Structure formats: C-alpha cells, structure tokens
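FYI, it's all coordinate maths here, none of it is from the lab. Everything numeric here is computed off the predicted structure, so don't read it as measured data. Cβ coordinates were reconstructed from backbone atoms using ideal geometry, including for glycine residues, and neighbour counts include every protein chain displayed.
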Amino acid sequence: MTDQKIETGQDPAISLAADDGAVSAQEPHRERILVIKLSALGDVILALGPFAAIRAAHPDAHITVLTTRPYVDLMKASGHFDSIAIDRRPKLSQPREVLALRRFLRNGRFDRVYDLQTSDRSGFYYKLFWPGPKPEWSGIARGCSHPHANPHRDSMHSIDRMAEQLHDAGISDVPLPYIQGPDIDLERFGIRSPFVLICPGGAPHRPAKRWPAERFGLLAKKLADYRLTPVLIGTDKEGDVLKKIDQMCPKARNLMGRTDFLEIASLAARSVLTIGNDTGPMHIAAAAGAPSIVLFSRESDPKLSAPRGLSKDAVSIIRESDLRQLTVNRVMDEVRHRLDLTD
C-alpha cells in the first residue's frame, strides 16, 4: 500500500488534491475503490472491521475513504487507505459545492464504492454519477449493483448489518473492530496505575443518555477506596460534568480536553476497566481491547449499537430505562465482578 495522502485542496465542497482526484488516461489501470463513512464516532469505530475486510478483499487496489474532518487521524491510523478525502457535506442550496463533489466522484474513476454510511446523503452521492457510467456500488442506493436489501437491516446491530452488506458484495470475512493507539507515558498525564478510565459525557442534545454526574462522583470515590485511580476523559463541552466528579473525588485525574481519539485508545488499553455512558469514546475503549461497562438508557438500544469488544465477554451492558434510577451500588456490583474485588 502506498503512503497515505490527505487530499487538501481549496475546493469548497470537499478537500481534494489539485487534480480533483482525476486519474490520467495514460496511467496503468489499478483497481480503484471508494469507501464512504462520514460519521459519527461510534459508527466509525464499528466500521474498522469492515474497513479491514475491504482492504483484505482488494489488497492491490488504491482505496480512498471519504469521511469528515474529525475522523482523519483515525482513518490514517487504521492503515487501510491510500488516500483520505474530507467531505464538507454540501447542501442542495449550494450548487457550486455539490458540483465540486460530483467532479470528485466522477473523476475518481472508481471501480467500486462501498457505502458504509448508507444514509440519505450517501445515497444521493450515487445519483451524482448521472448521466455517466456508474461504478459498482454496495449500499442501499436505488438501482445500485450490490444492494443490501434485507428489509430488517434497521433492526440489526451496526456490525452485523455492515457484515451482511459486505457479504452480499462478495466479502465474507469481516473481523471485529480493532484500534491501537500510540505508546504513551502515563506520567505525562499524572496517572498512577492501576486506573479505571471513566467517560461520563455524551451527546449534549441527548442528556437522557447520561448517568448523573453525582453518581459518577460517588462511583469514583468508591473506586479510589479500592486504590484504583479514576481517570476522567471528555471535552471542554463536558467541563461541568468533569468538574463535579473531580470535586467529589480529589483522587481522580481530570484529563478534560487533553486526549484525542488515539490517546483514548492508548489509555483504555492500559486501564484495568473502562466505564461510561453510551458514547463514542466507549466504542474506542472496547475496540482497544479494554474490559468495559457501558450504561444505556431507553434513549438507545444496545442490540443495535453497543460497543463490541475483542472477546465475547469484554463488554458488559447495564441498562436502566431512566439512568437517574440507576444506583451506584448496581454499577459497583458489576465492577467488583469484573475486577474480582472483595470488600
């Protein structure tokens, strides 16, 4: 595989190379594959196994992934792509940008497209090849060559759905998602082992998916009583939650805003356990091989979107219809079970 290239031109619709991704007619033909995966973080992590399967099925191909800017480093670290194109998601009210996206798709001369986003947006991208020839297309776009036509696809876990989609396109061996972060120095973060990684945040527009900060604070205190260092991760947008836990448990280490996706993977791999809400970083932790406890409410269904670990029993799910009713003792019971702790 060639060195990865992030295509970064000035195109208003998509970051591309200066040639808009065009392939010279004089170049010897090399199979060209496009993979579409735009968001969100958890879904991108769950797609790591399908990414690996596509690369294994097309070992000599030039494979481009079309994604959004937050996930560029994850795509680079996966090692499965020769180039990365950044979609700026143009609106129909931006015809110039839509035409630029169309140029990228048509000039790429892709032999096959694997649409792992399978959304209305990515289905529209299939239409942008009109009126010219269309590549082979795996997805749900009407009229595509390799449709995933299972009427129950929306009731399947994301991994199972993508695996079945790829099977219908001729790829049968899809591994579980796996991510390996860089080597990190725990002393740089002021972390003392053994430690438990805690992800108390989540989507700000879905507060019902969050266990109350006070419960995480009490949990952190109980972990510290067992001489386990609670390590808190999250963004600045989750500052209030992290600060509350930090105040309740002075022995916790608050890494707010100090960890990128790959560093989260590294920390998770070094932790004895990760605990958090149904949020993207918990998918990273599971894919990094960390034993994990994930808290679900009625706002999301673990049968459709739970993190998948590297072994059958790696991820424990605790679900309460209303997370305000989930007790600290119930979570600690699972912690004691996972870590074989005794009072």
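Toward the positive end of the charge dipole of region 5-168, with +1 on the Cβ of Lys and Arg and -1 on the Cβ of Asp and Glu, the farthest Cα among PHE81, VAL35, ALA141 is that of ALA141. The share of C-alpha pairs in region 228-343 whose separation exceeds 20 Å stands at 44 percent.
Please report the antiparallel percentage of the DSSP beta bridges confined to the chain, to the nearest 5.
Here the antiparallel bridges make up roughly 5 percent for the chain.
This structure gives P(r) over Cα pairs in 10 Å bins from 0, in percent, computed directly, and of (1) 6, 29, 38, 21, 5, 1, 0; (2) 5, 24, 31, 23, 10, 4, 1, 0; (3) 5, 24, 30, 22, 13, 5, 1, 0 that value is listed as (3). Cα gyration tensor of region 5-168, axes a ≥ b ≥ c as square roots of the eigenvalues: rounded (a/c below 1.5), prolate (a/b > b/c) or oblate? Judged from the Cα gyration tensor, region 5-168 comes out rounded (a/c under 1.5). Once C-alpha pairs closer than 8 Å and six or more residues apart are averaged by separation and normalised to the residue number of the chain, the relative contact order reads 15 percent.
Could you work out [θ]222 nm for the chain from helices alone, using -39500 (n - 2.57) per DSSP H run of at least four and dividing by all its residues? Round to the nearest 500 deg cm²/dmol.
For the chain, the value works out to -9500 deg cm²/dmol.
Restricting the calculation to alpha carbons of region 258-313 gives Rg and Dmax of 10.9, 32 angstrom. Between region 268-309 and region 151-171, the alpha-carbon centres lie 21 Å apart. About the centre of its Cα atoms, region 186-339 shows a dipole size close to 260 debye [charges on the beta carbon of Lys, Arg (+1) and Asp, Glu (-1) only; nearest 20 debye]. Based on C-alpha pairs under 8 angstrom that are at least 6 apart in sequence, region 186-339 has a relative contact order of 24 percent. Between LEU255, LEU166, LEU74, the GNM of the chain built on Cα springs shorter than 10 angstrom shows LEU255 fluctuating the most.
Checking every one of the trypsin sites (Lys or Arg not before Pro) in region 56-110 against DSSP loop status and a limit of 14 other Cβ atoms within 10 Å picks out LYS91. Here region 176-203 and region 28-97 have alpha carbon centers that stand 26 Å from each other. Phi-derived couplings, Karplus 6.51 cos²θ - 1.76 cosθ + 1.60 at θ = phi - 60°, listed residue by residue for region 235-247: 9, 4, 5, 9, x, 4, 5, 5, 5, 4, 5, 4, 5 Hz, with x used for Gly and Pro.
Between ARG227 and ARG324, full extension at 0.36 nm per residue minus the direct alpha carbon distance yields a gain of 32.2 nm. Close Lys pairs in region 202-335, defined as Cα atoms under 17 Å apart and 8 or more places apart or on different chains, number 9. Across region 31-71, the relative contact order, built from alpha-carbon pairs under 8 Å that are at least six residues apart, equals 68 percent. Of the trypsin sites (Lys or Arg not before Pro) found in region 234-268, those that fall in a DSSP loop while having at most 16 other beta-carbon atoms within 10 Å are LYS251, ARG258. Of all lysines in the structure, the ones whose alpha carbon falls short of 16 Å from that of LYS76, not counting any fewer than 8 places away in one chain, are LYS5, LYS37. Relative to the Cα centre, the charge distribution of the chain, modelled as +1 at Lys and Arg Cβ and -1 at Asp and Glu Cβ, gives a dipole magnitude of about 760 debye. With both labels modelled 7 Å from their Cα along Cα-to-Cβ, the SER193 to GLN247 distance reads 3.4 nm.
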